[in-house]
Every structure is written in structure tokens, then in C-alpha cells.
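Written out below as C-alpha cells is the structure these notes cover.
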Ligand code: BLA
């Protein structure tokens, strides 16, 4: 028995390959105790070499069988524990039939020495052979570094030239260890496997792991039961993983036979410590090659590994460089513009080529920017909900529908999505899209059709195992490369930086604004104290002149005096306006519930407002939240404005209406006064803007500016609609949660 239990296709992934109790056809195996050098085990075929049966040899001193020459060599190497440097020994075996030369390969495995006797082929020690190797290596080394397919092709050709196997191919693993034949050199007339795919189960995990320990694996013959069982003095399992002639898995042998292969050999190709693939050889007839050639083939594997690692690093570096360059250009635009939306809008192509995407979307604040082949706005809002749930700041998939089914029915259904989160609250993302690509995979056999049951065991089906078929995969986009993901994260940091700079600039501006207000405040103080006193003086002296000296002034002198007095009065009005305006900016709101009908009556009665104007109140909402003093001033301004600008020819009225809104209260003040052209609506709230002549209507021109500041201070907004000779309607909207907003602000300023 090769193993203690039987393995078939249902449990072959657990086959303990290294503990197989057999030796391959063409080799003889001895197992010695390392300390006593007595024989612990021998392959059944040992009589072919030693003329004695395996059972007979057990317990015997190895020297009696191998002769002193080989024993001395083994003892020396064992003392130096360096079999690697001396393998293979040249072992002469003398018998009555004459002497044979064998390669003797020795490995230590714990307390045991494993000895393998193989045929020796003298040509592999010759200079001519080494020259040949040299030429092959030179051809591989001439690889320019860019065309990796050429490197693959040259390597398989050179391996075939040196080894003489019928077919040599390069087999590359994907992430799941499914494999693909990427290069092939074969004897004329042999079937081609180029570009075919094979499932990961064809080389199970434990077989792949052995390649990391032993770079070259040779299968000398696939003929059933041509191996020799290992006979040992007890049943403890022996680890044969270092022995090149370790017996081959019966399942794998069957696989190779089904493929029409009589012998095989594979060389591990590792990149960055991981099995990248195999350089694999097939021969139609059984065949083995000299140990020294196998060692050299290991070197070929390592050279190929080195080139591939270099190529991978170089192409990764190039990709990173070119993407980073694009990103740097885009970020320059962002920094210049101090904004994200506009530069992205102006550099759509750059954004797409950055990620080799064909669509993108910027979902930011209440802005949705769609670029290229991109779902509709409504769909993007839905997608945003999905992206919000992703825990990481970067999210990518090559098959969006599988994770998020609604995407399948989007107007433009992207299969690939790469998204970076710009902000969590509110959810802001920059997203790239890739379309579905239909891929055709040519398989070298349909995995699910390979099985058949023989004698209650699941076996590989001899014909169907390799029946070729083409599988079409859909629903997937070209996968995002690592350098794209890295760059997306870097871009996210850049964008955050731009936002931070912009925020800091806003804070700076805000601080400037605050100090400007403070200056205005102190300016108003100066105005009130320093200007009012001389103005009072001017007016006083002008009055004296008017009262006591008018008889000495001619008509012109008297009219000049009148102008002085009225100018001073106007100036006083201005100064009062400025004072009032600046006072609103400073100071905190004193928030309370205000009964509007009372407030309006008070304002109406207290002010010297014309009584021939009717004040109508339609107040659905009677209470508003606000600062009593400021709202008093607000209505005072509106009502007196309406009175001032009434039309003499009609019965004037003012109607105040209130109405509940979802998020607050709307207050409308409508009159049927002189009105104005709405094209001026934008400027009427600017201080000292007058739409009517000063001669006809007196005032500072600051009333509406004050009104607007009061509303703004209440976190509200204000609109106006007007028509000349029809009337004007102002609408003020005040928030319901004023108290909360004020507290938030106080906290931020604290
Ligand atoms: C080993 N399987 C291998 C090896 C190759 C393959 C290259 C390395 C040993 C060698 O060179 O022969 C696979 N061979 C291929 C493929 C092609 C090829 C894909 O020629 C295509 C051109 N194999 C199966 C199943 C099992 C299995 C279902 O198909 C069981 C799970 C097992 N394959 C298997 C085992 C080994 C192996 C156990 C290790 C053999 C050993 O080293 O003893």
C-alpha cells in the first residue's frame, strides 16, 4: 500500500504526498538511520542493484552493501551536514556482472538519511554540455525587459532544447491558482495547449507547497504500478519530500495518462516568495533525466523568476508613475481653483484616464456631476446609499451587480466600480465606472464533467477530462489594478487637503469679516460722538443766524441757511442709520416667543405712521421665535417703508400674512404702493441704495439693509416681489429651530 488509506477525487486534496511509501520507476531508494548507518528501509526493486531483497537488507550495516568509498563520502558530507553541495555522488557498484556507475543523491530528513540511486548520463559532465547551457542562458538573458511574452517563449524553447522533452510549456497561476498556458514549445504534430485554462484542483495545495521546498519535480513514468513500494522495519511514516524519486500520486498519474503523457517534469517559478507558475515538460514515452540537468533546470526557473519579478516591478512602477503624473496634474488644477467641482468638470478626460474608466460621478454636497458613461442622477443617489454603508474609505468591485442588485437595472449599468469617500457626513464620494466585459475562457477540460465512478471510487474520466470547451463569463468588468487603488487613495488625500485649505481660507475671511465689523462698530461710535457734536454746533449756529440775523441777510443768504439746516438734518438721519445697522451685527440674539398681533399693533401705534393706510392682519401663525427688539425694528422698517411709498391716488393698505412652513414660518408684508421694477430686487438690500429720488422721499436708504441683516441674524431669508404702480410684497422665512441654531453657533464660537 502506498498510503494507509485510499484516495480518489473526493479526498485527493488531503492526499499526504510526502509520506507516499513508494519510489519511482528507474530509481532505487534506501533509508538509513543517520547515527548507526544501518538500513531502515529499501525499495522493493533494490535487488536489481544489490542482488538482495529489501526485507533481507533491513537492519544491515549500509557499508556492507555500498562499499567503503561511498560510505566515506556519505560520512564526510553528513558531518558537514551539506549534502546539497556534494550531490550527486558518483557511486560505483561492483557486482559479479561487472560494475555500474550511478548517481547517488543523499538527503537528511531528521534522524534518517534518504539515499536515491539513479542512472548517470556522462554527457552532463562535459564542457560541450556546459557550453550549450551557456548559450541557452545567454538567449534568455537577452530579454529586453519590455516584451514579457518573448521572455516566456524563449525560456520554453531553451528548456526544450536542453532537455529534449516533447512539449515544454509555461503555466501561470491566477490569484486562486487556476492556471493558464502562456507559452509552449512542442514537437511537431503534438497537440497544442497554448492559452488553455485549467482549474486550481489540477495541482492541489499540498502539491504546490512541495514546489516551494523542491524546485524540480520529475515523473519518470506514468505506467500504472511501475513504481516500487518502500519496505521498512516499522510502519512509521517517512517524509520523502526531499527525495526526487518519491512515488507519484496515483491520481496524478492517471491524469497524465488520460492526457497522453508518459513522463513529466516541472520547475517551480516563484515571484516574491509565491508560486507564480510552473515550467512544465511532457514526454509521450517514459523518461528520466540526469540529476545534474535537473539542478540546472532549477537555475533556469530561478532566472526566469528573477526576470519576471523585475518585469513586474518595472511595469508596476511605470503604471504608478504614469497614473501619479496624471493625478498630480489634476491636483494642480484643484489647488489652482481652490475647488473640486469646476476643475473636475473641466478635466473630465483626465479624470477618466486616471483610472482607465469610461464613466465617473462626483457626488458632493447637493451637487451631482456626471461624466462619460454614467448612471442617471436618481440612480446615483440610490447608489450613494449603498456606498455610505461601506466601512472603508475606498471601495472597489469588478462586479457591482453581485453586491448591489439594483445596479443591474440602471440605465447605464456599470459592472466595475471604484469609489473614494470624500466625506462621511454628509456622504460625499468620487466614483469611477467600468463597463461589463464579456470574457471567453478556453478550458482544457470541463472540471465538473471529469468524474466517473468506477468500483465505488470517483475517478478522472479518461476522455472527458480534457475535452476542451469555451466558458463565457459576464457581469464583470476589467479588474481594478493595485496602482489604480493606490492612486485613488492618494487622490482622496489630495482632495481632503484642498478642502482643508479652502476651509482655512474661509475661516481667515470670516475672521477678517469679524474684525471689519468691529471696525465698523468703532467707526460708528466715532461718527456718533465726533460727528454729531460738530453737526449740533453747525445746526445751532445756523439757527441763531436764522433767528437773530435774518433781517441782515438777503434772499440768497437766507436760502443758503435753510439748505445748511436741512443738510445737517439729513446727515443726522444717515448717521443714525449707520449706527442702527452696525448695532445689529454685534450682540447676541435674545430668543423668545413673540406674539405677532401685539407686536404689529405696538409698532403701528407707536410710530408716527399715517392713519390713512389700512393695516390688515391674516395671521395663521400668531407666535414666532425671535429677538423682540430686532423684530420690532424689522416691522417698523417694513411698515414705515410701505407708508412712505404709498400711492396717493389709491386707498392704501398693508396686509401682513403668516403661514406655517415645514421648517419654520413665512411672513408676508404686502402693500399697494408705488412698487419698483423687480430687476432692482438684488440691490435694494444694499445699504444706501435708493430707487427713488431723495427729493421726493426722505430717508437714509439703509432701512432694507437693516431689515435684511435682522432676518439673516435670525438664520432666515428674505424675498421681494414688486411691480411699479401695483405694489410690493416682501416674504420673510424664519426657522422654527432658532434656539438650536443659536446654541450651535455659540458653541462654535466659544
Ligand atoms: C501535480 N498537476 C501536477 C503537476 C502538474 C499538474 C503540472 C506537477 C507534476 C507534473 O509535472 O506532472 C497539472 N499538468 C497539469 C496541468 C496540465 C498538465 C494543469 O499537463 C495542463 C496542461 N490532479 C487533478 C486532480 C487531482 C490532482 C483532480 O487533476 C486531485 C485533487 C492531483 N496533481 C495532483 C497531485 C499532484 C499533481 C496529487 C502532485 C503529484 C506529485 O508531485 O506527486
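Worth pointing out:
- The residue pairs whose first member lies in the range 197-210 and is closer than 13 Å to residue 14 by Cα, whose second member is at pLDDT 90 or above and within 6 Å of the ligand (Cβ to nearest atom), and whose beta carbons are closer than 7 Å, counting only pairs six or more residues apart or on different chains, are 206/17; 207/17.
Okay, residues lined up against (1) in a helix (DSSP H, G or I); (2) in contact with a helix residue (DSSP H, G or I) (Cβ under 8 Å, 6 or more places away or on another chain); (3) within 30 Å of residue 158 (Cα to Cα):
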{"site": "285", "(1), (2), (3)": "no, no, yes"}
{"site": "317", "(1), (2), (3)": "yes, no, yes"}
{"site": "321", "(1), (2), (3)": "yes, no, no"}
{"site": "331", "(1), (2), (3)": "yes, yes, no"}
{"site": "343", "(1), (2), (3)": "yes, yes, no"}
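- Looking across the range 588-637, the residues that are surrounded by 16 or more Cβ atoms within 10 Å (Cβ to Cβ) and part of a strand (DSSP E or B) come down to 591, 594, 615, 619, 624, 625, 626, 627.
- Residue match in the range 312-329 (condition: loosely packed, with under 15 Cβ neighbours inside 10 Å and more than 29 Å from residue 175 (Cβ to Cβ)): yes
- Test: residue in the range 27-35 that is under 30 Å from residue 460 (Cβ atoms), touching a helix residue (DSSP H, G or I) at 6+ places or on another chain (Cβ under 9 Å) and within 16 Å of the ligand (Cβ to nearest atom): yes
- Taking the range 544-556 as the range and being part of a helix (DSSP H, G or I) and exposed (fewer than 14 other Cβ atoms within 10 Å of the Cβ) as the test, the residues that pass are 544, 547, 548, 550, 551, 552, 555, 556.
- From the list 172, 116, the lone residue that is within 16 Å of the ligand (Cβ to nearest atom), on the phi < 0 side of the Ramachandran plot and more than 50 Å from the chain's Cα centre (by Cα) is 116.
- Candidate set: the range 263-291, residues that are within 13 Å of the ligand (Cβ to nearest atom) and over 26 Å from residue 104 (Cβ atoms); chosen: the one surrounded by the fewest Cβ atoms within 10 Å (Cβ to Cβ): 284
- Check on residue 52, more than 17 Å from residue 237 (Cβ to Cβ), surrounded by 15 or more Cβ atoms within 10 Å (Cβ to Cβ) and either without any contact (Cβ under 8 Å) to a residue 12 or more places away in the chain or more than 16 Å from the ligand (Cβ to nearest atom) (or both): no
- Residue match in the range 491-514 (condition: more than 16 Å from the ligand (Cβ to nearest atom), over 30 Å from residue 332 (Cβ atoms), surrounded by 11 or more Cβ atoms within 10 Å (Cβ to Cβ) and free of Cβ contacts under 8 Å to residues at least 24 places away in the same chain): yes
- Looking only at the range 11-26, and only at residues there that are near the ligand (Cβ under 9 Å from one of its atoms), in a loop (DSSP other than H, G, I, E, B) and farther than 18 Å from residue 231 by Cβ, the one that is modelled with the highest pLDDT: 15
- Members of the range 384-395 that are out of contact with any strand residue (DSSP E or B) (no Cβ under 7 Å at 6 or more places or on another chain) and either more than 17 Å from residue 480 (Cβ to Cβ) or in a helix (DSSP H, G or I) (or both): 385, 386, 388, 389, 391
- Among the residues of the range 141-159, the ones that are surrounded by 18 or more Cβ atoms within 10 Å (Cβ to Cβ) and farther than 17 Å from residue 277 by Cα come to 2 in all.
- Residue 297 assigned to a strand (DSSP E or B) and more than 11 Å from the ligand (Cβ to nearest atom): no
- Tallying residues that are under 17 Å from residue 379 (Cβ atoms), touching a strand residue (DSSP E or B) at 6+ places or on another chain (Cβ under 6 Å) and surrounded by 15 or more Cβ atoms within 10 Å (Cβ to Cβ) within the range 396-417 yields 5.
- Any hit, the range 62-82, residues being on the phi > 0 side of the Ramachandran plot, touching a residue at least 40 places away in the same chain (Cβ under 8 Å), surrounded by fewer than 19 Cβ atoms within 10 Å (Cβ to Cβ) and not in a helix (DSSP H, G or I): no
- Here residue 212 does not qualify as more than 9 Å from the ligand (Cβ to nearest atom) and at pLDDT 95 or above.
- Flag for residue 59 being away from the ligand (no atom under 16 Å from the Cβ) and in a loop (DSSP other than H, G, I, E, B): yes
- Test: residue in the range 85-103 that is assigned to a helix (DSSP H, G or I) and in contact with a strand residue (DSSP E or B) (Cβ under 6 Å, 6 or more places away or on another chain): no
- Here residue 248 meets each of (1) in a loop (DSSP other than H, G, I, E, B); (2) within 9 Å of the ligand (Cβ to nearest atom); (3) closer than 28 Å to residue 151 by Cβ with one exception, condition (3).
- Flag if residue 216 is under 24 Å from residue 468 (Cα atoms), surrounded by 17 or more Cβ atoms within 10 Å (Cβ to Cβ) and touching a helix residue (DSSP H, G or I) at 6+ places or on another chain (Cβ under 9 Å): no
- Conditions (1) on the phi < 0 side of the Ramachandran plot; (2) more than 22 Å from the chain's Cα centre (by Cα); number of the one not met by residue 338: (1)
- Count - residues of the range 215-242 that are more than 9 Å from the ligand (Cβ to nearest atom) and within 46 Å of the chain's Cα centre (by Cα): 6
- Of the strands (runs of 3 or more DSSP E) entirely within the range 436-489, those holding at least 3 residues that are within 16 Å of the ligand (Cβ to nearest atom) and over 30 Å from residue 400 (Cβ atoms) occupy 451-454, 457-460.
- Extreme residue, nearest to residue 277 (Cα to Cα), among residues of the range 175-185 that are in contact with a helix residue (DSSP H, G or I) (Cβ under 9 Å, 6 or more places away or on another chain) and away from the ligand (no atom under 11 Å from the Cβ): 182
The values are calculated or read from the model by the stated rules, or taken from the named source; none is laboratory data. Remember, it's a predicted structure, so these values are computed and weren't measured experimentally. Methodologically, a virtual Cβ is constructed for each residue, glycine included, from the backbone with ideal geometry; neighbour enumeration extends over all protein chains shown.
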